[in-house]
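The values are calculated or read from the model by the stated rules, or taken from the named source; none is laboratory data. Since we're looking at a predicted model, the values are computed, not measured. Backbone-built Cβ (ideal geometry, glycine too); neighbour counts: all protein chains shown.
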Amino acid sequence: MIHSKFQPIEPHTPQPIDTMLAPFRAFFRKEASAGILLIIATLVAMIWANFGDGHAYDHFWHTPLSITLGNFSLSYSLQHWINDGLMAMFFFVVGLEIKREVMAGELSTLRKASLPLVAAIGGMIVPALLYALFNVNGPGSSGWGIPMATDIAFALGVLTLFGNSIPLALKVFLAALAIGDDLGAVLVIAFFYSSNINFLDLIFGGGFLTVLLVCNFIGVRSPFVYALFGIGGLWLAFLLSGVHPTV
């Protein structure tokens, strides 16, 4: 008689924690979960910001958070870390999705890509012109670049509420439009409204970007390498330069 060394796997007995987490797992599997959380967070923020004098809300987002390594230290508010850190990661993920569509998808030809590109340019120029038209010679006339930006995170979050009922082509179009509009607005704000840009840090950032491009060209596939030069090099250089790191 031959005995197999492989023993049958015992069925997993559900634990109390599994029962508790089951509804949450089911929720996050849904495509609309991100949009639902975004709406809830928005409502909570609006109520919190308008509760009393709003001091607690402002105090929370301006809480300092520091990262120190030897004599090197980065200290920014919680709001700043989210805007310059987490939003850069968000743009990175969405950018990868757009790259996939450019390589072999809904944006793979110039004809397909031209529509969201033109729409993004129009989304920047028209709001700026309208703002300038209504603020000619006014005290706020120099703020023409502010209404150029769109809230890409909110736009894409709301889009997920509709799930699969929205065609893929429309999702890609709106994502490309929002990214193009946001990046264009960030560049305008960086170069027209920033008075203390450190060009030496920008040069370092360009160097790290070149290293990343070379790594990709020669076939480096280690996530550690890209994280090291992408976060510790490129992102940090842009952060210190005064240009928004989401660029």
message = If the requirement is being in the same structural domain as Gly230 (by TED's automatic domain parsing) and closer than 27 Å to Leu86 by Cα, which of these qualifies: Phe199, Phe154, Phe162?
response = Phe199
request  = Consider only pairs whose beta carbons are under 8 Å apart and that are at least six residues apart or on different chains; among these, list those whose first residue lies in region 118-146 and is within 22 Å of Leu183 (Cβ to Cβ) and assigned by TED's automatic domain parsing to the domain that holds Ala185 and whose second residue is among the aromatic types (Phe, Trp, Tyr) and in a helix (DSSP H, G or I).
outcome  = Ala119/Phe173; Gly143/Tyr131; Trp144/Tyr131; Gly145/Phe192; Gly145/Tyr193; Ile146/Tyr131
key: Where Lys99 falls short, out of the listed (1) among the charged types (D, E, K, R); (2) touching a helix residue (DSSP H, G or I) at 6+ places or on another chain (Cβ under 9 Å); (3) within 20 Å of Trp235 (Cα to Cα)   = (2)
Criterion (without any contact (Cβ under 8 Å) to a residue 40 or more places away in the chain and β-branched (Val, Ile, Thr)) met by exactly one of Ile203, Ile197 = Ile203
Leu133 being part of a helix (DSSP H, G or I) and under 20 Å from the mean Cα position of the chain (by Cα) = no
request  = Would you mind listing the helices (runs of 4 or more DSSP H) fully within region 49-123 where at least 1 residues are surrounded by fewer than 13 Cβ atoms within 10 Å (Cβ to Cβ) and within 23 Å of the chain's Cα centre (by Cα)?
outcome  = 55-61, 87-104
ask   = Can you pull out the helices (runs of 4 or more DSSP H) entirely within region 158-240 that have at least 1 residues that are surrounded by fewer than 12 Cβ atoms within 10 Å (Cβ to Cβ) and at pLDDT 90 or above?
value = 199-218, 223-229
